[in-house]
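Report on the following structure.
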Amino acid sequence: MAGRRRARDTGRPGVLWAVPGLLFFGLFAAAPMVLVAWLSFTSWDGLSAPTWTGVENWTRLRSDPAMHRALRLSLLLTLLSWAFQTPVALLLGVWSAGHQRSRAVLSALFFLPLLASSVALALVWRSILDPHFGLAADVARWLELGDANVLGSPRGALLAVAFVAAWQFIPFHALLYQGGARQIPRSLYDAASIDGAGTVRQFFAVTLPQLRNTVVTSSVLMVVGSLTYFETVLILTGGGPGSATTIVPYLMYETGFRAFDLGYASAVATSLVVVATGVSLLMVRLTGFGRMRSTREGM
Amino acid sequence: MKTVPPATAPTPSRHRPLWRRANIPAGAGAALWLAIVLIPLYILVSATLRTREDYLERGALALPTSPSVESYRRVLAGDFLTYLLNTVVVTAACAALVVVLAVTVAYSVVRTRNAASRRVFQLFLLGLAIPSQAVIIPVYLIITELNFYDTLAAVILPTAAFALPVGVLILVGTMRDIDEETYESMALDGAGPLRTLLNLTVPMSRAGIATVGVFSALQAWNGFLFPFLLTQSRDTRVLTLGLYDYVGEFRVDVPALLAAVVLSVVPIFAAYLLARRQLVNGLMGVGGR
Amino acid sequence: MPFDLHPRLRTPAATLAGAVLLAGTLAACGSGGPSRAQTLEVWTYQDASTHIQAEAVERFNENSDVQLELVEIPGANYQERMRTAMGTPNAPDIFFNWGSGSISDFVQQDMLVDLTDTLAETDELRDAFVPTVLAAAEIDGGVYGVPMRGVQPVILFHNTELFEQVGAEPPTTWEEMEELIELFQEEGVTPVALGGADAWTSLMWLEYLLDRIGGAEVWQQIESGDTEAWGDPAVVAGAQTALDLIEDGAFGSTFLSNAYTNDGVSTYFAQGRAAMHLMGSWEYGSQLANAEEFARERLGYGTFPVFTDGAGEASTIVGNPNNYWSVNSELEGERLDAALEFLKHTTDDTYLSALVANGDIPGTVGVDDRLDDHPDPEFARFQYDLITEASAFTQSWDQALPNRAATEMMNAVDDLFSGGLTAQEFADTLRGVS
């Protein structure tokens, strides 16, 4: 038996080959997961050692209006992001899947925002939205809208965060849809044409159903991604005005690295892990890993 | 399970255009989005060629009537090049670490077919879902304990660790497509795991490895949270953090601030022009996060 | 079996070793290497005045075996970064801070050197500082910081040209203030510039309003740790007055999106689009740098108006008594001596001259004969009198409270100004702040 196994396994690496990667991943990504859960049961100011306080942080978290508001805002922002990004990315992706030269050139331009970091883009948009010296001020004057108080109104600030994130991430999702659309068999369109379907009906009858899996994949990534916008909020609004854009990751940062209430911040962070993992597991289960991968084929 | 590796591209010529007629509403929509994309980019570039006074007086959209590179000079005269160098070191180290580790892990996962290796793969799949922000507090603790606080290693190590799951996922996909027979003929030659890896698996996974390298490099180049909370001094400041700090330094000198933004994007833009396909594939890896 | 395992093990082990080696190398090149032991890291907030500290460090290094290295930290979040670093082995050796709440956590953990004896050592040092200025560095009976920059009272600046145009004088009473707000609005000018995107600028209003309505004692009570004192009727009245100002349009309609930290508000003020601006004395210096003509020709200044039926006095000021150098208690022997020696240089003739020439009023006694070297002697004299004749000097609340309480308070201020809390809810929220 040992001999047979040996023959079959010649040249095969053992699972030990995975150990360096595992150790590395374990130390800097998996161990922190465990550690953050442990820290959520402690009180820690970052100077002295953490002290065990049991479920105190969790009791506080359950009835903390700031946390409730942050969760609500995170979900609202996620919903907004999804509702805005999906249709635009879908249309752009399908449009750019055509092989006309003009479309290829334009797509190359569309994808430019992907190249910059969130920090760089947030800085650009902050300058643009400046109430006195930005483009926002000019636009408000031309349209006679009064003052350009975009970042100063709770609704405006949240919409601004959603818009800037959309501006940054739509190209990525459009790329996904472009790949998906190029996989759709030509024959389906031909058949639809014979039935007399126009462009619009073809889109709804053929393109959209065929892109179902891509929609799910893109949605998973969008939802998980928008739970974690941080740089954009930090630079664009600083969580304000008031707490109008204090989403969960920002609340965690503020509690942890401004108030240095690191134990409580760990409870906030743990909730974020639970929500993000829960959402992605749920959505991955809905799609299945194999199908998720198949959407990459078109690239 | 037979899948097409993510890094290989279909040949466009096989497909015909989706629509034969020009699609006017779609074209109009695309033009609108083009404007939404290009106007900020126009402001970004044109503002950097103007003076601070000109920008404050004539508004964001005005043309640079007498272009000046003063803003760029101002940025380059500061610590920009130090930040750039730090970012290059962080990016290269991250890409190298992730490629080496992801190759060994993926190789083991694909070629060792037992429960343990499946477990390993599942662990990395789960790792895909961890938002790096959620563990920043324990990472701060670990980096502090290791005495790495305010060093480039404090940025490199966690950034690489969080890019690793995507790297493993991509490379497992790529390596699964290598024929079993090819391996068998290597085994008949008496090749051990290392020789097989170097002579067969790595060359056959070149595209996937390039994708992983580009992906992790992008993560490192654009990363902010780890440098923000784990480094302090000028000697360890990377570009993204430098940009953030320029707000306090350049204040209402919007042209100088935006010039710094432009300069920070230039290297990636150059890469985009030179190796568009690899870069786009790497970017798609970002979505795996 | 060992033969079978060995080749499998070799590569992974080599990879791991490589990764660890790489990490080690990176760590070494990141932190100044072995020379670090003989160098002291001195942290300062980076702004237009940093060159004074840089020169002081340079002068010190010329005559010292232990060398200092100045680390300049820019941006609005110096306090957070410094606090984050203090929890690590890479904590600074000497660092800039605001005294009180910004260092009280460190004092509790015995992380700072008590400077009482150092100050008592020489007569020059003991009597050098204005007592109200040194007070902010006194915690639990010890002295943990040495003043190292200028005193920064919060001043009500105004645009003299706009005041002349409407034929008005700067306000001395609250009634006058209210009339001016109405007057300037009729003229189409924003009465008061406010950078509400940075909550600490909104806070300045609450600080002065509480002082003028309830007197300096209310804050002193709160600062001493009595959170119930937030329930004082003057807190609610002050917050309500701020809400009334917003309601009346005193700050214009975009004050919540205006930021101070990018000089947006100062530029707006300098352009003559707002008539008044409540800001720290440093505003003068930044206007001088960015809009010199405005600073020299049209920038007026005065004290915060009084409430005729209020308990506060016109002579009470709010602001930062100073910035301080504190020393990490990890230092010992030669390195500690060097650090303490460096602190003594803050009362040097050269250092004080540099501060005054930069437009600062040092927190030391007997600087009045230096004031003529100030870029604007008249403004210097105004500040100096303000400081020396102050009946009380209330430290900025966000600097006076420890990090945690300060963060919660700032969130409440932000919520109040953006309409999320009523005046009563504001006071109730703060009573719950631990």
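Summing +1 for each Lys or Arg and -1 for each Asp or Glu, what net charge is found among the other residues whose Cβ lies under 11 Å from the Cβ of residue C:262?
Its environment carries a net charge of -3.
Any idea what the dipole of segment B:77-286 comes to, in debye rounded to 20, about its Cα centre with Lys/Arg Cβ at +1 and Asp/Glu Cβ at -1?
That gives segment B:77-286 a dipole magnitude of about 320 debye.
Along the charge dipole of segment B:77-286, which of B:243, B:275, B:122 sits closest to the positive end, that is, farthest toward it, with unit charges on the beta carbon of Lys, Arg, Asp and Glu (+1, +1, -1, -1)?
B:122
Modelling each spin label as a point 7 Å along the Cα-to-Cβ direction, I'd like the residue B:58/residue A:49 distance in nm, to one decimal.
Spacing of the two 7 Å Cα→Cβ label points: 6.5 nm.
So what's the net charge close to residue C:314: Lys and Arg +1, Asp and Glu -1, counting the other residues with Cβ under 11 Å from its Cβ?
Residues near residue C:314 contribute -2 overall.
At 7 Å along the Cα-to-beta-carbon direction for both residue A:159 and residue A:197, put a label point, then send me their distance in nm to one decimal.
Each label point lies 7 Å from its Cα, and together they span 3.5 nm.
Quick one: P(r) of chain A from all Cα-Cα pairs, 10 Å bins, percents rounded to integers, in order of increasing distance.
Answer for chain A: a P(r) of 6, 20, 25, 23, 16, 8, 2, 0, 0 percent.
If each residue's Cβ is checked for other Cβ atoms within 10 Å, how do C:158, A:132 rank with the fewest at the top?
A:132, C:158
Express as a percent, rounded to the nearest 5, the fraction of DSSP beta bridges in the protein assembly as shown (both residues included) that run antiparallel.
Here the antiparallel bridges make up roughly 60 percent for the protein assembly as shown.
Sticking with the crude label model, points 7 Å out along Cα→Cβ, report the distance from residue C:120 to residue C:381 in nm, one decimal please.
4.0 nm
For chain B, count all C-alpha to C-alpha pairs, find those more than 37 Å apart, and express that count as a whole percent of the total. Let's see the in-between values first.
Working: 12598 of 41616 pairs.
Cα-Cα pairs of chain B separated by over 37 Å account for 30 percent.
Along the positive direction of the dipole of segment B:77-286 (beta-carbon charges: Lys, Arg +1; Asp, Glu -1; about the Cα centre), which of B:136, B:109, B:81 reaches farthest?
Of the listed residues, the answer is B:109.
Taking every residue in B:36-49, how many Cβ atoms of other protein chains lie within 10 Å of its Cβ, on average?
Counting Cβ atoms of other protein chains within 10 Å of each residue's Cβ and averaging gives 4.
Within 10 Å of each Cβ of C:77-86, how many other protein chain Cβ atoms are there on average?
Whole-number average of other-chain Cβ neighbours for C:77-86 is 5.
Using DSSP H assignments, which helices in chain C have an axial alpha-carbon span of 15 Å or above and a mean Kyte-Doolittle hydropathy of 0.5 or higher?
Within chain C the helices that satisfy the rule are C:2-30, C:233-247.
With the dipole of chain A worked out from charges on the C-beta (+1 for Lys and Arg, -1 for Asp and Glu) around the Cα centre, which of A:156, A:106, A:22 lies farthest toward the positive end?
It is A:22, whose Cα lies furthest towards the positive end.
Can you compute the charge dipole magnitude of the protein assembly as shown about its Cα centre, using +1 on each Lys and Arg Cβ and -1 on each Asp and Glu Cβ, nothing else charged? Give it in debye, rounded to the nearest 20. Kindly include the intermediate steps, with their values, before the conclusion.
Numbers: 64 positive and 102 negative charges, 2162 e Å.
In debye, rounded to 20, the protein assembly as shown gives about 10380.
R0 = 41 Å: FRET efficiency of residue C:313 with residue C:62, Cβ-based, nearest 0.05?
Step by step, r from the Cβ atoms, then E = 0.30.
What are the radius of gyration and Dmax of segment B:101-174, computed over its Cα atoms and given in Å?
Every Cα atom of segment B:101-174 included, Rg and Dmax give 14.1, 42 Å.
In the neighborhood of residue C:291, defined by Cβ-to-Cβ distances under 14 Å, what is the net charge if each Lys or Arg adds +1 and each Asp or Glu adds -1?
Once positives and negatives cancel, what remains is -4.
How many percent of Cα pairs in segment B:22-68 exceed 18 Å?
It works out to 42 percent of all Cα pairs.
Provide a whole-number value for the mean count of partner chain Cβ atoms within 10 Å of the Cβ atoms in peptide A:237-247.
6
Which FRET efficiency value, to the nearest 0.05, is calculated for residue C:164 and residue C:247 with the Förster distance at 22 angstrom and r the Cβ-Cβ distance?
Efficiency computed from Cβ-Cβ geometry: 0.20.
In debye, nearest 20: dipole of segment A:64-298 around its Cα centre with unit charges on the Cβ of K, R (+) and D, E (-)?
740 debye
Express in % the proportion of alpha carbon pairs of segment B:85-131 at distances exceeding 11 Å. Don't skip to the answer; put the middle values down first.
Details: 768 of 1081 pairs.
So the pairs more than 11 Å apart make up 71 percent of the total in segment B:85-131.
Counting other beta carbons within 10 Å of each residue's own, what order do C:94, B:178, A:170 fall into, fewest first? Before the final figure, lay out each step's value.
Details: C:94 25, B:178 17, A:170 28.
Least crowded to most crowded, the residues run B:178, C:94, A:170.
Mind jotting down the three principal axis lengths of the protein assembly as shown based on Cα atoms? Whole angstrom, largest first.
On the principal axes, the protein assembly as shown reaches 94, 72, 56 Å in Cα extent.
Quick note: the coordinates plus some simple rules give every number you see, no bench work behind them. Remember, it's a predicted structure, so these values are computed and weren't measured experimentally. Here the Cβ is made from the backbone with ideal geometry for all residues, glycine too, and neighbour counts use every protein chain on show.
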